[in-house]
1. Order 234-240, 61-67, 283-289 from most to least packed using the mean count of other Cβ atoms within 10 Å.
2. Can you give me the C-alpha center-to-center distance between segment 230-297 and segment 11-84, rounded to a whole angstrom?
3. Sorting check: for 173-181, 320-328, which peptide has the highest mean count of neighbouring beta carbons within 10 Å, and how do the rest follow?
4. Hey, which lysines would be in cross-link range of Lys307, C-alpha to C-alpha under 25 Å, not counting anything within fewer than 8 residues on its own chain?
5. Each residue of segment 261-268 in turn: what ³J(HN,Hα) in whole Hz from Karplus with 6.51, -1.76, 1.60 and θ = phi - 60°, glycine and Pro shown as x?
6. For an R0 of 41 angstrom, estimate the FRET efficiency from the Cβ-Cβ distance between Leu60 and Ala21 and round to the nearest 0.05.
7. Given 0.36 nm per residue, what is the gain on full extension from Glu325 to Ser171 after removing their alpha carbon distance, in nm?
8. Starting from the Kirkwood radius over alpha-carbon pairs of the chain, derive D by Stokes-Einstein at 20 °C in a medium of 1.002 mPa s and give it in µm² s⁻¹.
Amino acid sequence: MAHLDLANLRTCLLDDTQLAAVALHRTFAGHLPVSSGQLVVCDPLVQAEAPALADYTAPLGRHPVEIIVHSGRPALAVAWFKPREALTANALHWQMARWTTQDLTGLDEDSFIGYPVDAGIGCFMDTDTQQALLALIEQADGDEESEWSDALIDHDGLDEGAEYRPWGEDSPHGLVVFTSGWGDGVYPSYWALDTSGIPVALVTDFLCIQGGDGRDEREIADQAYRDNLPAAEAEALARLVAAVERDDTEALQDLLKDAPQRANQIEPGCGGTALYEAIRLDRPQALRVLLQGGELPAMPERLHMSKVTGYLDYARFLKKPRSAELMAVLEAPVIAEPTPAAPPRRSFWDRLLGRN
């Protein structure tokens, strides 16, 4: 089966709150006029003559085009032929878009076909618009002052999608253009089909995200940590960090009495541990209580930075030097409790005769 990141495609159906939870957002790019039903996906600056997609046609009319944006760039572009709000993800079937000369049956799960991008731009257009565009290109060929491509490249809002209508607002022709994710490459498109096999959307995936999630591994891990942290423990950690800020040693002792490990647990609100905050805020008394006479624990990997993998590294890394008192607490050697001496071993004759 050809490449299909179903979770990616289904992000098009998420509401704004659900998109924000995975570091994505939606923008409206414009309306796509469809007069023939035959659709073209291509880089209009390089391959405006690309053939129309095979297998399905779009209903005639003007259809909304939306962009799913990740980190300021289009991750997916979708042309809707039915209202998004009326569709449910589980009722849709997805099929990779192809051209008549291409066969999907020989593709494995890591392979796909798509349109090549060499100028960093993709588009949706009807074949009637394509013919008008090709005529415009031919007319402008060699005329640098009216070169159509300059107008397209300089078009505002390409990172969030835009209508391009060089024939005027009253013309029936128009294409919707957008930057192609992170740049040049080859990008697949997919038909979304309803239970009757009728197209309800056409989506181009610019392969910026995987699994329908725009967050990086660190952000996903942070969210999982927050989700799995019991509410009572999250509250205790927040109180612990607040006590560090106040330098309230009595409150610290109370919060650590039955759970000393809290000193080195990440508090979701500040993103650091109580130890980390004690160093950042230069609270030597609080730090002393947090350590409870023991050695510095290993800093959680989540807090590591370049050249900073431990709490002492962090204290030395800060631009403003920490106080001598705090550095003394951090650098103090831990003196182990003396090991009790073993009782002297009795001699052979003492043991034989039972003497003490």
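Laboratory data are not the source of any read-out in this text; all were calculated from the coordinates shown. All figures in this text were calculated on a predicted structure; none of them were measured in a lab. Reconstructed Cβ throughout: ideal geometry from the backbone, glycine too, with neighbour counts over all protein chains shown.
1. Values: 234-240: 17.6, 61-67: 19.7, 283-289: 22.6.
Averaged packing, sorted descending, gives the order 283-289, 61-67, 234-240.
2. Taking the Cα centre of each part, segment 230-297 and segment 11-84 sit 50 Å apart.
3. 173-181, 320-328
4. By straight Cα distance, Lys307 reaches Lys319, Lys320.
5. Once rounded to whole Hz, the list reads 5, 4, 4, 10, 9, 6, 9, x.
6. 0.65
7. Values: separation 154, 0.36 × 154 = 55.44 nm, distance 7.60 nm.
Gain on extension, Glu325 to Ser171, equals 47.8 nm.
8. Here the translational diffusion coefficient equals 85 µm²/s.
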